[in-house]
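The values are calculated or read from the model by the stated rules, or taken from the named source; none is laboratory data. Computed from a predicted model, the values in this text were never measured in an experiment. Cβ placement follows ideal geometry from the backbone for every residue including glycine, while neighbour counts extend to all protein chains displayed.
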Amino acid sequence: MCRSPRTARARILTGRCSSRLKNPRVLLIDAVNDYRLPSAQGGNKERALTKLRNAVAAFETERRRTGAAARLGRGRAYFFLGRDLMDHGDACRRA
């Protein structure tokens, strides 16, 4: 079981807490941490972009599975994905 935030993050990163890997909110928090942290402290916007895409996909899968339209964190996932795409100069997605 993942109890403390530090232990939970370590288990997620090593794959020992697989039930949490499907939780879109956990994926979003991990992606936002990578996005916001400076590279000197372990942040990586390239890695965050992949993680944000995974989080958005997980939110969409959850939405299709449960049938609920609005879920906590879904809008924020799209917001950070858009910001990261703009940081990478993705002109197609800016409009």
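Structural remarks
- Subset of segment 61-93 that is modelled with pLDDT of 80 or more, in a helix (DSSP H, G or I) and among the small types (G, A, S) - its residue that is farthest from V26 (Cα to Cα): G82
- Residues that are assigned to a helix (DSSP H, G or I) and exposed (fewer than 14 other Cβ atoms within 10 Å of the Cβ) within segment 30-59 comprise R36, S39, A40, Q41, E46, T50, A57, listed in sequence order.
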